[in-house]
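Nothing in this text is a laboratory measurement; each read-out follows from the coordinates by a stated rule. The structure displayed is predicted, hence computed values, not measured ones. With ideal geometry, Cβ positions are generated from the backbone for all residues, glycine too; neighbour counts draw on all protein chains shown.
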Amino acid sequence: MIGKSLKRKYALTDKGLKNTKKGAAWTVVVNLLMMAGMGILYFLMQKYMDTLTKGSPLPNAWIFLALVIAFFVLSFVTHLQQYRATYGLVYREIKDTRIGLAERMRKLPLGYFGKRDLADLTETIMGDVNRLEHVWSHCLGYLYGAFISTAIIAVVLFIYDWRMAIACLWGVPVAFILLFGSRKVQKKYSQKLKADALAMSDNIQESLENVREIRATNREEEYLKRLYNKVDKFEKTNRKSELVVGVFVNAASVIMRLGVATTILAGASLILSGNINFMMLFMFLMVITRIYAPFDQSLALIAEMFVSQVSANRLNEINETPTAEGAEVFKPKGHDIVFENVSFAYDSQNVLDNVSFTAKEGEITALVGPSGSGKSTCARLAARLWDVSSGSIKVGGVDISSVDPEVLLTDYSMVFQDVVLFDDTVMENIRLGKHGASDEEVLAAAKAANCSEFVEKLPEGYKTVIGENGAKLSGGERQRISIARALLKDSPIVLLDEATASLDVENETKVQGALSRLLAGKTVLVIAHRMRTVEAADKIVVLKDGKVAEEGSPKDLYNDENSIFRHMAELQSKSASWTV
């Protein structure tokens, strides 16, 4: 039960909990050994007092030297084991935690990322894990080890003299009651500090991403002022948080150290009354020099333990979010995509309502309709980037919700409106479409997507590094690389969402020609606003308000004077006639 509570509070894995127990066990050994060192000193002092008062001979120096050597050897060995159990094992655990988080997020549905801020997720992976690492390695093992070792020492002290034991130890529980009693106050400031830090990070990220627009509209001063305000707010919250934490931690430390004064006062009183002798007081004074030492590091970091629980909750939230699971085998009978009464809601807002249609293998099926009608949502649902709220989507008779998304996507090539490129060469960005593709295959796909024209003008051709998300390229050039990547993959299902939106008329015509040649025999789902883009489609599905309003061939829909498709086509071709 305690183990489960610890795991949840500090986002520990089973391995991490085991490591924490190891660290606590070795901390107990180290603390008891340090107290044994005080015992050697007490033994020497006792023999010296016997020599002064009773004339007893001093012990053999070799015995004392042997004890000291044994103490230092054991101290080195136990401290080394403690270090390995607290720091060494934890650092490996941190690596596993980060990799585990990345693996977990890789399997989360795309809808999850739509609800979470990028800066927030980055802070969780980097900042929150770093904070927890510090707690796991510097605090948990030491604190719980200190509790156990102090409890063992307390039992021994009470056996010797309960009055002196109380005088020596009363400050420990009082100090920790004060600290744990202040958790709510500290947690409140921790949450506010986290919120202000994220707001500041968001503002910095937004300013960097939109620096061109900010400069173009002469809004630099306004954005800088907003950023300064958020930085100032974060700093003020940080100061208040540290002040509150400092007050409680220092108060607890002072209360604990008052035990030294009460031990001296109680000991002096008991000596005067003849209840104890000087050596008893001397023993307790030596003990008190060590009894608080195990708590020194924990006290300094216990506030961080409380703060870390906010970070742990954020990690737990990711780890407890259901992943998109499914079978590791996908063997459809053909590649028809069938939507059956599909409904989908995003953040309680209905996007699709009882949508049914079929995109047949070997045909181009185009989804058209006004903005917000659900076209792009259908494409993402077809690839199981999101899961349907109700109904089903089948590919070749197999319900895609029963297939692992990574296995499913091996049969898909996708080009979405938002192109994602990496800070690498043109060649490697295209090669992402097919692992291990030869240069000849990459060049063939690039040529088919009409990339050669602009790539040959780059300083190093296909070996040119294009910058973060293709910063050195135009929108149309970036989109052509994305198309080349999809063509290289050569999957039986192709999803094109506004794939030619950033191309001029001439390049769009060339790419459309390449697509019509290379996509023959595949199941193609096209989303487009331009009606000329879907002229060659075999089937049109018109969506409106999240429902299928009409479907049929381009010619049949256009010949219907009351069709939505004809109305959209005429709006876009007022200066040119529509031909089918």
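Tell me the angle of helix 183-209 to the major Cα principal axis of the chain, expressed in degrees between 0 and 90 and rounded to the nearest ten. For 183-209 against the chain, the angle is about 40 degrees. Backbone geometry of region 242-250 corresponds, through the Karplus equation with coefficients 6.51, -1.76 and 1.60 at θ = phi - 60°, to 3J(HN,Hα) couplings of 5, 5, 4, 4, x, 4, 5, 5, 5 Hz, x marking Gly and Pro.
Look at the alpha carbon pairs under 8 Å that are at least 6 residues apart: their mean separation over the length of region 2-320 gives a relative contact order of 31 percent. At an R0 of 51 angstrom, the distance between the Cβ atoms of Lys463 and Ser553 translates into a FRET efficiency of 0.65.
The relative contact order of region 337-394 comes to 46 percent, based on Cα pairs under 8 Å that sit 6 or more residues apart. The loop-placed trypsin sites (Lys or Arg not before Pro) in region 324-398, going by DSSP, that have at most 14 neighbouring Cβ atoms within 10 Å of their Cβ come out as Lys333. Between the alpha-carbon centres of region 59-82 and region 396-416 there is a gap of 66 Å. Extension gain for the segment Glu456 to Asn354, taken as residue separation times 0.36 nm less the Cα-Cα distance, is 31.9 nm to one decimal. Among beta bridges identified by DSSP and lying wholly in the chain, the antiparallel ones come to about 55 percent.
Here the contact order of the chain, divided by its residue count and restricted to Cα pairs under 8 Å and six or more residues apart, works out to 14 percent. Taking the C-alpha atoms only, the angle from helix 278-291 to the longest principal axis of the chain is near 10 degrees.
Taking the Cα centre of region 340-437 as reference, the dipole from Cβ charges on Lys and Arg (+1) and Asp and Glu (-1) amounts to some 240 debye. So how far, in whole Å, is the C-alpha centre of region 4-41 from the one of region 164-207? Computed from Cα coordinates, the inter-centre distance equals 22 Å.
Going from the residue with the fewest nearby Cβ atoms within 10 Å to the one with the most, Met38, Met164, Met45 rank Met45, Met38, Met164. Computed from Cα positions, the angle between helix 141-160 and the longest principal axis of the chain comes to roughly 20 degrees. Shown here for region 531-567: GluC sites (Glu not before Pro) in loop regions (DSSP other than H, G, I, E, B) with at most 11 other Cβ atoms within 10 Å, namely Glu561. Listed by Cβ neighbour count within 10 Å, with the fewest neighbours leading, Cys378, Cys168, Cys451 appear as Cys451, Cys168, Cys378.
The charge dipole of the chain, taken about the Cα centre with unit charges on the Cβ atoms of Lys, Arg (+1) and Asp, Glu (-1), comes to about 2800 debye, rounded to the nearest 20.
Filter Lys7/Lys192; Lys333/Lys489; Lys188/Lys240; Lys194/Lys236; Lys447/Lys489; Lys107/Lys463 down to the pairs with a C-alpha to C-alpha distance above 22 Å, please. Distance filter (> 22 Å) returns Lys7/Lys192; Lys107/Lys463. Mean residue ellipticity at 222 nm from the helices of the chain, using -39,500 (n - 2.57) per DSSP H segment of n ≥ 4 over the full residue count, to the nearest 500 deg cm²/dmol? My calculation for the chain gives -20000 deg cm²/dmol from helical runs alone. Using alpha carbon centroids, what distance separates region 463-486 and region 301-332, in Å? Rounded to whole Å, the Cα centres lie 34 Å apart.
Among Thr78, Thr13, Thr20, a tally of other beta-carbon atoms within 10 Å of each Cβ gives an order, fewest to most, of Thr13, Thr78, Thr20. Mark the label point 7 Å from the Cα of Val407 along Cα→Cβ and return the residues of region 326-348 whose backbone N is within less than 12 Å of it. Hits in region 326-348 for Val407 at 12 Å: 326-332. Proximity of backbone amide H atoms, modeled 1.01 Å from N, is registered between Ile527 and Leu367, Leu496, Asp497, Glu498, Ala499 at under 5 Å, excluding neighbours fewer than 5 places apart on the same chain.
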